[in-house]
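Data first, discussion second: the structure below is written as structure tokens.
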Amino acid sequence: MDLKKLRKKMRKVQDEPRYEHTLSVAYTAANLAAVHGGNVEKALRAGMLHDCAKCLPDHDKLELCKKYHIHVSDMERRNPSLLHAELGACLAKELYEESDPDVLNAISSHTTGRPDMSLLEKIIFVADYIDPGRTKGTHLREIRKMAYEDIDRAVVRILRDTLEYLVKTKTDIHPGTQRTLDYYLKHEKVS
Ligand code: DGI
Ligand code: FE
Ligand code: FE
């Protein structure tokens, strides 16, 4: 689906702040792709689509997961918001004509990350965090700069800060988030 049409669709299914975030992530992802030698066009599409399932009511998220045979763990049932990434990839394919596997993976892994992410997946994961409209988040200034200089270090830093925040706020940790950090601490340069 072309970008103009995608913008129209997202404007319909997202509330205003979410739509602003979506545009912001898409353009940030495009810049990251340009800097890191990725595909700018795919970065824009993945950015536009990454939160396409975010604004559905929890009940609808759970129903749609059933429809698309997405496995829902007990932890995810208690935190249905976490399902918007994997569900988003299914909706991107079904409703928004996205067939590129890398774009679909980037949508699917954008919340928890996953071990051995492609460049595009890292770009969306990072762009979601450094969206210029975002004001909350530790080390944002530093991570924004790092994202353009060393994206792997930015991925590790975001995962660490996210996990620290989850511990501090006594929020359930998704095993995927921990698994991703463990992987990158083992395989990448550690900050
Ligand atoms: O959809 P966005 O708000 O743009 O961002 P996102 O897809 O990264 O999801 C946002 C929330 O997901 C953010 O507040 C952190 C949370 N999150 C990430 N990992 C975990 C988590 N929440 C829980 N409960 N457990 C996790 O491991
Ligand atoms: Fe999201
Ligand atoms: Fe997002």
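The single condition from (1) at pLDDT 95 or above; (2) of a type outside the set (Phe, Trp, Tyr); (3) closer than 24 Å to His174 by Cα that Lys93 fails is (3). State whether one or more residues within the range 157-176 are more than 13 Å from ligand 1 (Cβ to nearest atom), surrounded by 15 or more Cβ atoms within 10 Å (Cβ to Cβ) and touching a residue at least 12 places away in the same chain (Cβ under 8 Å). Looking through the range 157-176, at least one residue is more than 13 Å from ligand 1 (Cβ to nearest atom), surrounded by 15 or more Cβ atoms within 10 Å (Cβ to Cβ) and touching a residue at least 12 places away in the same chain (Cβ under 8 Å). As for the range 35-43, it holds no residue that is more than 24 Å from Thr135 (Cα to Cα), in contact with a Lys or Arg (Cβ under 8 Å, 6 or more places away or on another chain) and either away from ligand 1 (no atom under 12 Å from the Cβ) or at pLDDT 95 or above (or both).
Selection of first residues in the range 109-125 that are at pLDDT 95 or above and of second residues that are more than 14 Å from ligand 1 (Cβ to nearest atom) and of a type in the set (Val, Ile, Thr), restricted to Cβ pairs under 6 Å at least 6 apart or on distinct chains, gives the following pairs, ordered by first then second residue: Lys122/Ile151. Filtered by the rule that a residue be touching a Gly at 6+ places or on another chain (Cβ under 8 Å), within 11 Å of ligand 3 (Cβ to nearest atom) and of a type outside the set (S, T, N, Q), the range 24-52 gives Val25, Ala26, Ala29, Leu49, His50, Asp51, Cys52.
The condition (being at pLDDT 95 or above, more than 22 Å from Arg144 (Cβ to Cβ) and within 14 Å of ligand 2 (Cβ to nearest atom)) is satisfied by just one residue among Asp15, Asp58: Asp15. The C-beta contact set for the range 67-89 (first residue without any contact (Cβ under 8 Å) to a residue 40 or more places away in the chain, second residue β-branched (Val, Ile, Thr), distance under 6 angstrom, 6+ apart or interchain) comprises Ala85/Thr111; Glu86/Ile70; Gly88/Ile107; Ala89/Ile107. Of Glu63, Glu20, all but one fail to be within 14 Å of ligand 1 (Cβ to nearest atom), in a helix (DSSP H, G or I) and not aliphatic (A, V, I, L, M); the exception is Glu20.
Identification of helices (runs of 4 or more DSSP H) wholly contained in the range 86-191 with 2 or more residues that are within 16 Å of ligand 2 (Cβ to nearest atom) yields 101-108, 119-130, 151-168, 175-187. What about Tyr68, is it aromatic (Phe, Trp, Tyr), at pLDDT 95 or above and touching a Cys at 6+ places or on another chain (Cβ under 8 Å)? Yes; evaluated as a whole, the condition is true for this residue. Residues in the range 37-60 that are charged (D, E, K, R), free of Cβ contacts under 8 Å to residues at least 60 places away in the same chain and part of a helix (DSSP H, G or I): 4 in all. Based on what the data block shows, is Thr112 β-branched (Val, Ile, Thr) and within 22 Å of Arg45 (Cα to Cα)? The answer is yes for Thr112. Across the range 61-108, the number of residues qualifying as acidic (Asp, Glu) and exposed (fewer than 14 other Cβ atoms within 10 Å of the Cβ) comes to 4.
The values are calculated or read from the model by the stated rules, or taken from the named source; none is laboratory data. In this text the structure is predicted, and so the values were computed from the model without any measurement. Counting neighbours? That spans all protein chains shown, and the Cβs are built from the backbone with ideal geometry, glycine included.
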